[in-house]
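The values are calculated or read from the model by the stated rules, or taken from the named source; none is laboratory data. Keep in mind that what you see is a predicted model, and the values were worked out from it rather than measured. Every residue, glycine among them, receives a Cβ derived from its backbone with ideal geometry; neighbour counts consider all protein chains shown. What goes into the accessible areas is simple: the full protein's heavy atoms, side chains included, and nothing from ligands, DNA or RNA. Shrake-Rupley method; radii C 1.70, N 1.55, O 1.52, S 1.80 Å.
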Amino acid sequence: MTGAMDTPTRWSNAQLDAMRQTQDSVADPVVGALFAAGKVDAVNSLMKTLVENDGLPPGALTASVADYLAATGGLPDWADPAKIAAGERVFWRYGPAMIAILHCYALPFCYAGRKGVQVLALTARLASNPTRRIIETAQMMVDVMRPGGLGPAGTGIRTAQKVRLMHAGVRCLVAQYPGWKPEFDLPVNQEDLAGTLLSFSFITLDGLQRLGYVLSNDEIEGYLHAWKVVGHILGIRPEMLPVDYADAGALAARVATRQFAACDEGRYMTRALVQMLQHIVPGDLLDTVPELLMRHFLGDRTADILAIAPGHAAQLLMGPLQLLAHASSTLTHSSNDLARVHEFFGRALIEGIVLVGRGGKRIPFSVPTELLQAWGVNWVA
């Protein structure tokens with residue numbers, strides 16, 4: 001991430017240091033009780049159920065998990081339906097660009113944090129298919145931001161509840177891992193959670209604006225508000241939820257200043273992400289685009305931290321890519337040439353994800369038909 005890192009901010013090191021020793025007082029006891037009772041298989045079964053089911057079948061849940069779902073399933077009193085709807089309209093309008101930003105800016109932003117990326121790399125290496133983990137991140141964005149996603153009949157609340165439980169499961173399992181170093185602080189702590197939430201909210205909006213998209217204040221604050229609601233459901237403490245766009249930017253800058261540093265794990269995750277994007281997006285013409293976009297969004301310093309390739313080869317392809325993007329796009333909301341390529345890449349990425357799905361027994365990647373139609377994405381019904 002580029003920008004002014006030394007701007008005065010209310011986000012103090014003392015506060016954020018304390019948040020690195022703070023986890024989740026609601027979800028952690030639910031999983032911890034299963035583990036403490038010697039039910040390691042029950043913890044693993046819970047994680048398997050969370051992964052393999054869109055909903056959560058009542059028969060597969062313990063009483064404590066069912067109680068957790070009932071207690072955490074409502075929106076906070078301060079949730080504003082009009083602002084949430086404004087945020088959904090942003091996703092409706094810019095969805096392909098935003099999903100591409102998620103992969104080429106938001107996720108690398110998370111990988112640049114040396115401490116926070118440790119648990120991501122550990123769980124990725126233990127997973128049988130790391131690609132599925134990355135695609136599931138895109139699914140969360142769709143579940144939350146689809147029309148009505150945070151409504152009573154939507155998918156966003158239940159998805160966030162599931163992710164919160166999965167975080168608790170990861171904390172429980174990492175606590176038993178002998179290789180975890182105290183210098184990394186508590187796994188999936190409140191600072192890392194807040195930073196991850198910023199990747200979905202502030203970083204995604206920042207990416208749009210870096211490409212020349214123009215958003216109104218109502219759109220910006222609506223989108224941030226929707227994700228602030230999600231942060232509440234995920235168990236992020238109220239004091240770690242930014243109050244507005246400027247406050248979110250200040251927190252993102254503070255996290256970057258505190259946490260960004262080169263490490264093998266961050267580079268491993270970035271390399272896996274680039275390879276996944278190259279594999280999923282059809283053909284090879286767009287293979288250089290992910291790293292070109294990553295370096296554009298992050299700036300050279302952070303891109304070097306992650307060992308992202310220089311953009312020379314991609315720049316040579318910009319001419320043909322621009323012609324292809326111009327010929328195929330009727331939806332571009334920016335006159336920026338890179339934005340046109342980016343949007344074309346975003347639609348190709350969604351098409352690839354829809355075709356590949358998540359594999360195994362996991363539910364397939366799902367995007368509402370009305371969104372696919374609005375975005376001009378080709379798919380097989």
Residues of the range 64-90 satisfying the condition of being hydrophobic (A, V, I, L, M, F, W, C), open to solvent by 30 Å² or more (accessible area, probe 1.4 Å) and not in a helix (DSSP H, G or I): Leu75, Trp78
Answer from Ala36, Ala14, Ala27 - the residue that is modelled with pLDDT of 90 or more, open to solvent by 30 Å² or more (accessible area, probe 1.4 Å) and among the hydrophobic types (A, V, I, L, M, F, W, C): Ala14
Meets criteria (touching a Pro at 6+ places or on another chain (Cβ under 7 Å) and either open to solvent by less than 10 Å² (accessible area, probe 1.4 Å) or at pLDDT 90 or above (or both)) for Cys104: yes
Residue under evaluation Pro147, criteria (1) of a type outside the set (Val, Ile, Thr); (2) in a helix (DSSP H, G or I); (3) touching a helix residue (DSSP H, G or I) at 6+ places or on another chain (Cβ under 8 Å); (4) open to solvent by 20 Å² or more (accessible area, probe 1.4 Å), criterion not met: (2)
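Yes or no, residue by residue, for (1) open to solvent by 60 Å² or more (accessible area, probe 1.4 Å); (2) at pLDDT 85 or above; (3) among the polar types (S, T, N, Q):
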position: Phe297; (1), (2), (3): no, yes, no
position: Leu306; (1), (2), (3): no, yes, no
position: Pro310; (1), (2), (3): yes, yes, no
position: His333; (1), (2), (3): yes, no, no
position: Asn336; (1), (2), (3): no, no, yes
position: Val341; (1), (2), (3): no, no, no
position: Phe345; (1), (2), (3): no, yes, no
Top-ranked residue in the range 182-214 [being at pLDDT 95 or above and assigned to a loop (DSSP other than H, G, I, E, B); ranked as most open to solvent (accessible area, probe 1.4 Å)]: Leu186
Boolean, Gly231 is open to solvent by less than 60 Å² (accessible area, probe 1.4 Å), touching a residue at least 12 places away in the same chain (Cβ under 8 Å), within 29 Å of Leu122 (Cα to Cα) and assigned to a loop (DSSP other than H, G, I, E, B): no
Scan of the range 258-273 for residues that are modelled with pLDDT of 95 or more and aliphatic (A, V, I, L, M), ordered by number: Ala261, Ala262
